[in-house]
């Protein structure tokens with residue numbers, strides 16, 4: 001489990017770092033590309049403006065200091081270079097007749113005249129026709145440069161005004177900025193890694209608690225729970241897991257009790273059948289018939305027990321009940337018609353309600369007939385058994401305010417002691433006036449399961465010698481509910 005947790009933590013951290021790294025790489029690449037594009041545009045724009053200013057100066061044909069026309073090209077070049085202030089990585093020179101005539105002031109760092117390769121490019125005959133901004137690579141560095149031809153009508157000797165940027169130096173500045181960005185990005189990734197580590201550590205804490213709790217849970221101890229802290233999603237997860245453990249503990253306890261009860265209930269008829277078969281005299285027909293009747297009776301009770309157990313085993317399934325809009329009045333009439341075959345009693349409807357309610361009519365009929373069978377079992381022939389239905393006023397519960405449909409069966413039988421009224425709904429629970437051979441002991445448990453599956457409950461009101469009234473309360477969750 002620890003290996004799995006480490007694997008999860010590692011994968012989460014790797015994923016987060018990969019995302020942060022990818023975001024930084026994409027952002028850095030985009031910024032670098034934009035800076036490179038802006039660098040070319042900025043250098044070309046500066047060179048173009050310098051060329052335009054030079055052409056404006058040359059177009060006047062007058063020396064601003066003397067107001068007289070230029071006699072030689074070198075005079076125009078000198079004036080232009082005086083009026084130009086190069087930036088940090090910019091340089092300039094003036095050429096006449098393919099020779100170096102003027103250089104930039106000593107304060108200018110980029111010395112174009114010191115690069116023979118650049119001078120060879122600037123004095124090339126290809127640069128004599130027109131001004132073109134070009135990239136020039138030499139052994140010293142890479143330039144972004146322009147050569148402006150100069151030809152005065154008063155001077156047959158041409159000149160050239162040369163401006164250039166140290167492109168490699170400008171690019172190094174961008175690279176330095178990118179290096180700073182990369183260093184900051186690495187720092188951000190380290191901070192993100194630390195934050196992610198703390199986040200994953202907190203996220204996995206409920207998982208570790210669940211692991212530790214699961215390790216402490218055994219077949220005989222399902223009481224351990226995870227402490228809930230906070231109100232976030234992890235707290236909700238912990239609450240959900242605790243609820244799951246509650247259901248698991250309840251299911252295991254119910255299964256254990258069921259196995260104990262089933263073992264006891266099935267052992268008795270098997271013992272009876274075996275005992276009678278062992279002592280039976282095979283040569284005596286009366287003895288054989290008696291053993292046969294007893295065995296068939298016990299086997300029939302075992303079959304009834306098994307069928308009831310199957311019903312209870314399916315009571316936790318989602319499709320145990322299939323509600324649909326049901327006319328309660330018609331349903332009660334059908335139940336009465338079927339109940340009359342259960343015994344010689346005075347069957348009547350004590351109260352009825354006309355309403356349409358969402359319920360499973362088959363399961364409700366099964367539950368009501370079981371109550372009717374119990375009423376017959378503990379009442380005298382000819383006595384009254386009343387069936388009824390009511391739509392109770394609105395009641396408040398955890399899910400809000402809603403009405404309740406009550407179905408009931410009332411008999412005039414022997415009644416039930418108060419001490420037995422709770423245990424009779426347990427599996428194999430019987431009252432003191434009940435006989436083991438009278439049924440499987442699961443009938444009222446099935447009634448309780450059907451009521452619970454509808455979101456309701458079953459209850460009894462009884463006293464010894466005063467009869468009993470069993471009630472099934474079903475919340476009205478659908479239908480029109482009108483009387």
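Details
- Looking only at residues of region 51-76 that are touching a residue at least 60 places away in the same chain (Cβ under 8 Å), assigned to a helix (DSSP H, G or I) and in contact with a helix residue (DSSP H, G or I) (Cβ under 9 Å, 6 or more places away or on another chain), we find that the one that is nearest to residue 96 (Cα to Cα) is 76.
- Region 356-375: number of residues that are over 24 Å from residue 468 (Cβ atoms) and either without any contact (Cβ under 8 Å) to a residue 24 or more places away in the chain or surrounded by fewer than 24 Cβ atoms within 10 Å (Cβ to Cβ) (or both): 5
- Every residue from region 374-395 that is within 11 Å of residue 410 (Cα to Cα) and in a helix (DSSP H, G or I): 374, 375, 376
- From the options 207, 191, residue that is in a helix (DSSP H, G or I) and touching a residue at least 60 places away in the same chain (Cβ under 8 Å): 207
- Failed criterion for residue 81 (all others in (1) in contact with a helix residue (DSSP H, G or I) (Cβ under 7 Å, 6 or more places away or on another chain); (2) closer than 21 Å to residue 53 by Cα hold): (1)
- Verdict on residue 157 being surrounded by fewer than 17 Cβ atoms within 10 Å (Cβ to Cβ) and within 23 Å of residue 41 (Cβ to Cβ): no
- Within the option set 444, 405, 371, being at pLDDT 75 or above and not in a helix (DSSP H, G or I) holds for one residue only, 405.
- Contacts under 6 angstrom Cβ, first residue in region 239-264 being closer than 16 Å to residue 445 by Cα, partner at pLDDT below 70 and not in a helix (DSSP H, G or I), 6 or more apart: 261/427; 261/428
- Put simply, of 47, 57, 43, 62 the only residue that is farther than 30 Å from residue 173 by Cα and either surrounded by 18 or more Cβ atoms within 10 Å (Cβ to Cβ) or at pLDDT 85 or above (or both) is 57.
- Only one of 131, 139, 169 that is more than 18 Å from residue 50 (Cα to Cα), modelled with pLDDT under 90 and in the same structural domain as residue 78 (by TED's automatic domain parsing): 169
- If you go through region 409-433 and pick out every residue that is outside any loop (DSSP other than H, G, I, E, B) and at pLDDT below 60, you end up with 0.
- Only one of the numbered conditions (1) modelled with pLDDT of 85 or more; (2) in a helix (DSSP H, G or I) is violated by residue 437, and that is (1).
- The requirement of being in a helix (DSSP H, G or I), under 23 Å from residue 415 (Cβ atoms) and at pLDDT below 90 is not satisfied by residue 366.
The values are calculated or read from the model by the stated rules, or taken from the named source; none is laboratory data. Keep in mind that this is a model prediction, so the values were computed, not measured. No Cβ is skipped: glycine too gets one built from the backbone with ideal geometry, and neighbour counts run over all protein chains shown.
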